[in-house]
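Below is one structure, written out as structure tokens; comments come after it.
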Amino acid sequence: MIIVAGKLYVDPATRDAYLAGCDHVVEQARAAAGCLDFVLAADPIEADRINVYERWQSDADLAKFRDTGPDPEQAAAIRDADVSKYRVSAVEVP
């Protein structure tokens with residue numbers, strides 16, 4: 001399993017519009033083969049921060065989805081990012 005998690009920073013005045021523009025990306029990801037979860041969400045404390053969380057069955061599934069890439073306008077709106085990919089070897093249910 002692959003987890004992609006982190007944070008994006010955009011202009012606080014345009015964060016809500018940015019997220020609304022990402023609705024189609026979330027829908028596409030959730031419909032993609034191998035996507036177990038995908039969310040982009042406004043941070044409740046930092047006005048310019050968007051939290052990223054994705055969970056994929058495999059690198060291949062993630063790569064196939066990523067081939068489409070972000071919209072150039074969306075990419076240009078990101079002022080900073082700190083997002084990492086994690087490879088999970090085991091999952092335990094509490």
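The values are calculated or read from the model by the stated rules, or taken from the named source; none is laboratory data. Fair warning: this is a prediction, and the values are worked out from it, not measured in the lab. Every residue, glycine among them, receives a Cβ derived from its backbone with ideal geometry; neighbour counts consider all protein chains shown. Just the protein is used for accessible areas: all its heavy atoms, side chains included, with ligands, DNA and RNA removed. Shrake-Rupley method; radii C 1.70, N 1.55, O 1.52, S 1.80 Å.
Quick one: in the stretch 1-35, of everything that is touching a strand residue (DSSP E or B) at 6+ places or on another chain (Cβ under 8 Å) and part of a helix (DSSP H, G or I), which residue is most open to solvent (accessible area, probe 1.4 Å)?
R30
Could you list, in sequence order, the residues of the stretch 69-94 that are charged (D, E, K, R) and not in a loop (DSSP other than H, G, I, E, B)?
Result: E73, D80, D82, K85, R87.
Residues of the stretch 41-68 being part of a loop (DSSP other than H, G, I, E, B), without any contact (Cβ under 8 Å) to a residue 40 or more places away in the chain and either open to solvent by 80 Å² or more (accessible area, probe 1.4 Å) or within 15 Å of V4 (Cα to Cα) (or both), which ones?
Filtering the stretch 41-68 down to residues part of a loop (DSSP other than H, G, I, E, B) leaves 43-48, 57-58, 67-68.
This time we only want the ones that are without any contact (Cβ under 8 Å) to a residue 40 or more places away in the chain, so: 43-48, 67.
Within the stretch 41-68, P44, I45, D67 qualify.
Among the numbered criteria (1) under 15 Å from A5 (Cα atoms); (2) of a type outside the set (V, I, T); (3) open to solvent by less than 50 Å² (accessible area, probe 1.4 Å); (4) touching a residue at least 24 places away in the same chain (Cβ under 8 Å), which single criterion is violated by F38?
Tallying (1) under 15 Å from A5 (Cα atoms); (2) of a type outside the set (V, I, T); (3) open to solvent by less than 50 Å² (accessible area, probe 1.4 Å); (4) touching a residue at least 24 places away in the same chain (Cβ under 8 Å), F38 fails exactly one: (4).
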